[in-house]
Every structure is written in C-alpha cells, then in structure tokens.
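The values are calculated or read from the model by the stated rules, or taken from the named source; none is laboratory data. It should be emphasised that the depicted structure is a prediction, and the values quoted were computed from it without experimental measurement. Cβ placement follows ideal geometry from the backbone for every residue including glycine, while neighbour counts extend to all protein chains displayed.
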C-alpha cells in the first residue's frame, strides 16, 4: 500500500535527576557534596532510508517516545544517557510541526538525519552548587523535560521530471516505454492509483528520474478526483512533461485540457505553474484529425513551448523527446549551480546558552489577579527545580529576584496573594515591601515591650 502522509506524536526522553549526597568515607572529614549529574534524555530522530518507498511503517503506530536519562549517583557518578529513538522514513520525507505549521526537516538525501524532538538535559547534582560560602548545598536539579511535538510527515517523491496530464492520455504507457517501471495500464480513467517512478537512461551515464503523477483533473487542487493526493509529489521536480491526447477519439479539446491542468497547478502552488514545461502530443499514430493536431502544435509553439509529436505505444518520436528532456535538465542544473555559487556562505547560528535565555522573558497579565511569566530560560529553570525541596525553592526565588521578575510584577500592579504562573506551576505573589513593613513593625513592638 502506498502511504505518503501520516500524523504522529513524538516525545523525547526526560533528563535524569541530579543526586543530593555527601561523601561519608571513613577518615575523610568534611568530604563535601558528591551528587552526580543525571543523564541526558534520548532524542527522536528521523533518518532517510533509500530502501523505503512509503510511510507505511508509521501508519498504524502514532506515538513514539525516546528513553529517559538515568538519575545521577553518589560519588559524583553520572546517570546513563537515554538512547535516541530513530524512525526510518523514505527519502523525500518532509516533517512539519502541526501546532505551528513550521517545517522542521526535509530529508531529501539518502541517510539524511534530523532531530525532530530534543531530549532533555540531565539535572546537575549538588556537587555543582558548592561554593566557598555555600559548601554543603542540599539540593540538586531535576532533569529537563524532553520535547513533545505533533508532526505531520509527508512524502514528496524526488524526481527530475513529472508527467502531467489527464487520465488515459498515456502517462503510464510512456513511463513503461522509456524505463523499467511497470505500472498498471488499462483503458479506463484512474487506472493508476499511486505515483510511479522510473529511471530513464538516454545514454549509458546520462539518466534522469521520471514520475507518473496520477489522477489530475479539473478541481484537483480542491480535492476532486485523486490529484489532490499527489500534487505534492511534483513540487520537487525541475521539469514537467505535459502529455496531451490528440487522437480525437475521446471528444476532449487538448488545448482546453492544457489550460485546465495549468490552472490547477497555480491554484495548488504558484511555483508549480512556473516550472518549465515540454509538451508531448501523444497518440499521434491514431490521430483522426491531422488539422487539429497542427492547430494545437502551432498554438503551443506560439506561446514559446517546445512541442513534440509522439506515440508512446509505438515509441514513435520518443528519442527526440528524451534528448530534449535531457538537454533541458542539463541547462536547469547549470542554472541552479550558478545560483548556488552566487549565494553568500551560509550563516552558522549558535544556540544561546541558558544564561542568555534567562534574560529573555516577559510578564503577561491574564486577569485582575493572575499573571504569567513567559520565557524559555525561566520555564526551563522552573521545570528543573525540585519544588518539594525548600533549599531548591529558595534558590529559585533568589534567581527570579536577581533577574528582576518580582520588580516587574510589582510595577504591573501585582498585589499580595495574586497568582503568578510559570509554565504549569502556580505561585502566590508576596509583596516584599509589605513583608519589610510587617517585620519593622514587629521589631518596633519588641523594642517597646523591652523598654
């Protein structure tokens, strides 16, 4: 079964938790903290496998989860890293985030690899937090949660040439005549139900890949017929060969068919309508009205299109068509190489460290007494804090105070007892000025009582 689109959910492994422990060996006074770090969680990875031709393997199982990292141990022992989960997909697979619509990966080469969900970083053990003034930290970090994503995987066939045409114009017959592909051929519409690829070798070392795209009719871009399922497969092609049936036995107007299919290409993707085309007038051996063939050829040549008369069934005119395709492909490849050479070198983007991310945050007011703090670094800090540990919670409060979150909340009008939400955790806002006033009042009362 040909499957070219699936939706899956991927969950990377969480990082392992850091350890809180102290050295307790005999004859080692003041051994100090020795909690090890947690291991990193495994990532979910897509790898292009040239031996696969469909996404069938991912159709019946929609949820995938990588391995969690191991927890840290005593004596500074690190936890084991979780194993990556590798999902093999056909070459030409595109992964898109369903939530944002962002394209995450395009695996357009054999053995290409893309990380689609990153594993969480292991939490640091208490040995990391020892300083000259804080020599016995009694807290450690939890592991960072792994990324979760809902993905749409789409297979877009990698072909140099796409065959375009109404059902029964002879696309399957042509690809059978010029390659080793063996599609089903019969005299009724929608005989071909799946795209077919064929390797065409014009000369011993001059070959190209041709794709037979089935089911294109009027309204295909809106879901009519089968064409809407397969239009994506011609997005990668460099050249289109538009087959027209000029036999006159179907009662169809070849020029009208030509206009309709080009309009469907533009409605689906404007770029497809701009691809170069070669027109092949097929079934010339059984044409009943030579004058009509001449008129169609004259009209298309008048538009600047190369036109060739062929008979895919008898192989008449195929050599001239194939050499024209090969010549045009060589020219297109040369143009592409020239454009690539003229482009500046790619910019390498370095991911900002966590300390830099901590500076990028904002406070949003949800309602009269609820606020939300948003920022990758802050959300990561909260996720890796053990909120059941009073020492870890105190550290979190100090960090938020240090970067100015409390000042920002007060400036936005937060009051004592308001709710502050960070990630999926809710805190109660405490007004420091009010706390200072209450403390001063208590101290003044004690002084009065003593006097």
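The residues of the stretch 259-274 that are within 23 Å of residue 245 (Cβ to Cβ) and modelled with pLDDT of 80 or more, listed by number, are 259, 260, 261, 262, 263, 264, 265, 266, 267, 272, 273. Filtering the stretch 235-253 for residues that are part of a helix (DSSP H, G or I) and either over 13 Å from residue 169 (Cα atoms) or in contact (Cβ under 8 Å) with a residue 24 or more places away in the chain (or both) leaves an empty set. Residue 8 meets each of the listed conditions (1) touching a helix residue (DSSP H, G or I) at 6+ places or on another chain (Cβ under 7 Å); (2) at pLDDT 90 or above; (3) under 19 Å from residue 138 (Cβ atoms) apart from (3).
Let's see how each residue does on (1) part of a loop (DSSP other than H, G, I, E, B); (2) modelled with pLDDT of 65 or more; (3) over 24 Å from residue 147 (Cα atoms):
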position: 335; (1), (2), (3): no, yes, yes
position: 340; (1), (2), (3): no, yes, yes
position: 397; (1), (2), (3): no, yes, yes
position: 417; (1), (2), (3): yes, yes, yes
position: 421; (1), (2), (3): no, yes, no
position: 442; (1), (2), (3): no, no, yes
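Identify, please: which residue in the stretch 396-415 is touching a helix residue (DSSP H, G or I) at 6+ places or on another chain (Cβ under 8 Å) and crowded, with 19+ Cβ neighbours inside 10 Å and is, among those, nearest to residue 129 (Cα to Cα)? The extreme case among them is 396.
Results for (1) in a strand (DSSP E or B); (2) outside the structural domain of residue 245 (by TED's automatic domain parsing); (3) modelled with pLDDT of 65 or more; (4) touching a helix residue (DSSP H, G or I) at 6+ places or on another chain (Cβ under 6 Å), shown as yes or no for each residue.
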site	(1), (2), (3), (4)
174	no, no, yes, no
181	no, no, no, yes
184	no, no, no, no
192	no, no, no, yes
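Going by the structure shown, is residue 92 touching a strand residue (DSSP E or B) at 6+ places or on another chain (Cβ under 9 Å) and at positive phi? It is true that residue 92 is touching a strand residue (DSSP E or B) at 6+ places or on another chain (Cβ under 9 Å) and at positive phi.
Taken as a whole, the structure places residue 18 among residues that are touching a strand residue (DSSP E or B) at 6+ places or on another chain (Cβ under 6 Å), farther than 30 Å from residue 155 by Cβ and either assigned to a loop (DSSP other than H, G, I, E, B) or not assigned by TED's automatic domain parsing to the domain that holds residue 139 (or both).
Restricting attention to the stretch 150-160, the residues that are crowded, with 21+ Cβ neighbours inside 10 Å and within 13 Å of the chain's Cα centre (by Cα) add up to 3.
Out of all the residues in the stretch 264-282, is one or more touching a helix residue (DSSP H, G or I) at 6+ places or on another chain (Cβ under 7 Å), in a loop (DSSP other than H, G, I, E, B) and within 15 Å of residue 178 (Cβ to Cβ)? So far as the stretch 264-282 goes, no, none of its residues is touching a helix residue (DSSP H, G or I) at 6+ places or on another chain (Cβ under 7 Å), in a loop (DSSP other than H, G, I, E, B) and within 15 Å of residue 178 (Cβ to Cβ). In the stretch 276-308, the residue that is surrounded by the most Cβ atoms within 10 Å (Cβ to Cβ) out of those that are within 22 Å of residue 330 (Cα to Cα) and touching a residue at least 40 places away in the same chain (Cβ under 8 Å) is 280.
If only residues of the stretch 30-57 that are within 21 Å of the chain's Cα centre (by Cα), over 20 Å from residue 118 (Cβ atoms) and surrounded by 15 or more Cβ atoms within 10 Å (Cβ to Cβ) are counted, the one that is modelled with the highest pLDDT is 49. With respect to the conditions (1) modelled with pLDDT of 85 or more; (2) under 33 Å from the mean Cα position of the chain (by Cα), residue 279 falls short on a single one, namely (2). Considered as a group, the residues in the stretch 58-97 that are under 18 Å from the mean Cα position of the chain (by Cα) and not in a strand (DSSP E or B) include one that is surrounded by the fewest Cβ atoms within 10 Å (Cβ to Cβ), and that residue is 62. Take residue 90 and tell me if it is touching a helix residue (DSSP H, G or I) at 6+ places or on another chain (Cβ under 9 Å) and not assigned by TED's automatic domain parsing to the domain that holds residue 240. Taking the combined requirement at face value, the residue does not satisfy it. Being free of Cβ contacts under 8 Å to residues at least 60 places away in the same chain and at positive phi: is that true of residue 76 here? The answer is yes for residue 76.
Applying the criterion of being crowded, with 23+ Cβ neighbours inside 10 Å and out of contact with any strand residue (DSSP E or B) (no Cβ under 6 Å at 6 or more places or on another chain) to the residues of the stretch 121-135, the residue that is farthest from residue 73 (Cα to Cα) is 121.
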